[in-house]
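J.: First the structure, which I've put down as structure tokens, then a few questions once you've had a look.
The values are calculated or read from the model by the stated rules, or taken from the named source; none is laboratory data. None of these values were measured; they are calculated from a predicted model. Counting neighbours? That spans all protein chains shown, and the Cβs are built from the backbone with ideal geometry, glycine included. What goes into the accessible areas is simple: the full protein's heavy atoms, side chains included, and nothing from ligands, DNA or RNA. Shrake-Rupley method; radii C 1.70, N 1.55, O 1.52, S 1.80 Å.
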Amino acid sequence: MKAVELMSVGPAPEVVRCIEVDEPGAPGVGEIIVELAACSINPADLMIFEGNYAAIPETPCPIGIEGAGIVMAVGDGVSLVGVGDKVMSLYRANWSQQLRLKETEVVRLPDGIDLEQAAMLKVNAATALLMLKKYVDLVPGDWVIQDAANSGVGKNLIRLASEKGYKTINVVRREELIAPLTAMGGDVVILDGEDLAERVSAATGGAKAKLAIDCISGAITMRLADCLADGSIVINYGQLTDDPCMLRPDQVFFRDIRLMGFWLAKMMPTMTFDEIVAMYQELADRVVDGTLEVAVEATYPLERIKDAVAHAGRYKRDGKILLRPNG
């Protein structure tokens, strides 16, 4: 059976490889066997490989944050899923043809869901949903501003916010992104720049956002904060620059703008299993009804893992890169 291994920490294409591993065997009590249909490659995966994430992995080790597939066998005492069910893995090393997991390490999905889309739910869609729900009591008509609006999280946020009646201001760095993000449902799609606050105010009729979501850090954090109402929050969930998140003193003590961080891996342990299941079932339903759909630029077999992670690291991609472990 094939799986992907991280050999050491370093440049992603140089430190991953496809290897032969033992098949998982029969499931034990409370266990299931899942055949992986699709696995997403996330920026966090690449950061882990390169030693730029929260912790340095001990290598060699199995890897891959996201995966979705079909239950092939169940052990005694399993009641949450059955053979043939589609599931999303909550496990943290999914890039393999099959896995033996506890039944509480998966979430059962609707029969009608596309498994490629299911493989992209765990990180980006959940991050977007939780940032919209956990920090500010938004009501229909409220404005939310985000940068990196063309990212996986950004696109999910546009769609989820629109479905809930929130209005989005979507800051981008390339003019060619304006039309597709507008067609996706972005209420305002605007280029970043020093006069961002003035142009946002003109586009919203003077309305201020109640929440800012930052994936870039650096000076753009200040520009997002200039678009907020007093007492509002900036949530940072990424660092696409090497600069720290910046807020001016007047934003902090005159306007009470607060900076908070979001990390899904830290949020999930605060949730019960039932809460996690309910969240992903809500997101899965949004995939089935067409609210959520993420473009896929390319798929690769496990044998081409080096090509796959190199592709995932390219700038100006138009969709996610997926692995198809079983073809």
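J.: When the residues of region 149-180 are narrowed to those that are over 19 Å from Leu132 (Cα atoms) and without any contact (Cβ under 8 Å) to a residue 40 or more places away in the chain, which ends up surrounded by the most Cβ atoms within 10 Å (Cβ to Cβ)? Please lay out each step first, then the result.
T.: Filtering region 149-180 for residues over 19 Å from Leu132 (Cα atoms) gives 172-180.
The next check asks that each one be without any contact (Cβ under 8 Å) to a residue 40 or more places away in the chain; those that pass are 172-173, 175-180.
Numbers: Val172: 21, Arg173: 15, Glu175: 9, Glu176: 9, Leu177: 19, Ile178: 18, Ala179: 10, Pro180: 14.
The residue in question is Val172.
J.: Could you tell me whether Ala298 is open to solvent by less than 30 Å² (accessible area, probe 1.4 Å) and closer than 20 Å to Gly64 by Cβ?
T.: So Ala298 fits the description; yes.
J.: Would it be correct to say that Gly64 is surrounded by fewer than 20 Cβ atoms within 10 Å (Cβ to Cβ) and part of a loop (DSSP other than H, G, I, E, B)?
T.: Working: surrounded by fewer than 20 Cβ atoms within 10 Å (Cβ to Cβ): no; part of a loop (DSSP other than H, G, I, E, B): yes.
The answer is no for Gly64.
J.: Residues being under 24 Å from the mean Cα position of the chain (by Cα) and either surrounded by 19 or more Cβ atoms within 10 Å (Cβ to Cβ) or aliphatic (A, V, I, L, M) (or both): count how many of those fall in region 10-28.
T.: 3
J.: Next question. Hey, among Arg199, Arg159, Arg223, which residue is at pLDDT 95 or above, touching a Ser or Thr at 6+ places or on another chain (Cβ under 8 Å) and in a helix (DSSP H, G or I)?
T.: Of the residues listed, the single one that is at pLDDT 95 or above, touching a Ser or Thr at 6+ places or on another chain (Cβ under 8 Å) and in a helix (DSSP H, G or I) is Arg159.
J.: Does at least one position in region 29-40 carry a residue that is open to solvent by 30 Å² or more (accessible area, probe 1.4 Å) and either in contact with a strand residue (DSSP E or B) (Cβ under 7 Å, 6 or more places away or on another chain) or among the hydroxyl-bearing types (Ser, Thr, Tyr) (or both)?
T.: Yes - at least one qualifying residue is present in region 29-40.
J.: Given (1) buried (at least 16 other Cβ atoms within 10 Å of the Cβ); (2) touching a residue at least 60 places away in the same chain (Cβ under 8 Å), where does Ala54 come up short, assuming only one miss?
T.: (1)
J.: If Val188 passes every condition in (1) touching a residue at least 24 places away in the same chain (Cβ under 8 Å); (2) open to solvent by less than 40 Å² (accessible area, probe 1.4 Å) but one, which one does it miss?
T.: So Val188 meets the others, but not (1).
J.: Pull up region 299-314, narrow it to residues that are outside any helix (DSSP H, G or I) and in contact (Cβ under 8 Å) with a residue 12 or more places away in the chain, then point me to the one that is farthest from Ala3 (Cα to Cα).
T.: Selected residue: Gly313.
J.: Moving to a separate point now. For region 96-123: of the residues being in a loop (DSSP other than H, G, I, E, B) and of a type in the set (Gly, Ala, Ser), which is most open to solvent (accessible area, probe 1.4 Å)?
T.: Among those residues, the one meeting the criterion is Gly112.
J.: Can you run down the residue pairs with Cβ atoms below 8 Å, 6 or more apart or on separate chains, where the first is in region 102-122 and without any contact (Cβ under 8 Å) to a residue 24 or more places away in the chain and the partner is buried (at least 19 other Cβ atoms within 10 Å of the Cβ) and assigned to a helix (DSSP H, G or I)?
T.: Listed by first residue and then by second, the contacts come to nothing, as the list is empty.
So that you can scan it fast, the table gives a plain yes or no per residue for (1) in contact with a Cys (Cβ under 7 Å, 6 or more places away or on another chain); (2) of a type in the set (Gly, Ala, Ser); (3) not in a strand (DSSP E or B):
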position: Arg17; (1), (2), (3): no, no, no
position: Asp22; (1), (2), (3): no, no, yes
position: Cys39; (1), (2), (3): no, no, no
position: Leu46; (1), (2), (3): no, no, yes
position: Ile56; (1), (2), (3): no, no, yes
position: Asp76; (1), (2), (3): no, no, yes
position: Val81; (1), (2), (3): no, no, yes
position: Gly84; (1), (2), (3): no, yes, yes
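J.: Among the residues of region 214-232, is any in contact with a Gly (Cβ under 6 Å, 6 or more places away or on another chain) and crowded, with 20+ Cβ neighbours inside 10 Å?
T.: Scanning region 214-232 turns up at least one residue that is in contact with a Gly (Cβ under 6 Å, 6 or more places away or on another chain) and crowded, with 20+ Cβ neighbours inside 10 Å.
J.: Could you please let me know if Ala284 is in contact with a Pro (Cβ under 9 Å, 6 or more places away or on another chain), at pLDDT 95 or above and not charged (D, E, K, R)?
T.: Considered against the rule, which asks whether it is in contact with a Pro (Cβ under 9 Å, 6 or more places away or on another chain), at pLDDT 95 or above and not charged (D, E, K, R), Ala284 comes out as yes.
J.: What residue, among those in region 80-95 that are free of Cβ contacts under 8 Å to residues at least 60 places away in the same chain and under 11 Å from Gly69 (Cα atoms), is surrounded by the fewest Cβ atoms within 10 Å (Cβ to Cβ)?
T.: Taking region 80-95 and keeping what is free of Cβ contacts under 8 Å to residues at least 60 places away in the same chain, we get 80-87, 89, 91-94.
Now narrow it down to the ones that are under 11 Å from Gly69 (Cα atoms): 84-87, 89, 94.
On the way: Gly84: 9, Asp85: 18, Lys86: 23, Val87: 25, Ser89: 24, Asn94: 29.
Only one residue tops the list, namely Gly84.
J.: So which residues in region 243-286 are in a helix (DSSP H, G or I) and closer than 16 Å to Val106 by Cβ? Give the steps one after another, and end with the answer.
T.: Restricting attention to region 243-286, the residues satisfying the condition of being in a helix (DSSP H, G or I) are 249-254, 264-270, 273-286.
The answer is Met268, Phe273, Asp274, Glu275, Ile276, Val277, Ala278, Met279, Tyr280, Gln281, Leu283, Ala284.
J.: Just name the residue that is least open to solvent (accessible area, probe 1.4 Å) out of those in region 235-291 that are touching a residue at least 60 places away in the same chain (Cβ under 8 Å) and of a type in the set (S, T, N, Q).
T.: My answer is Thr291.
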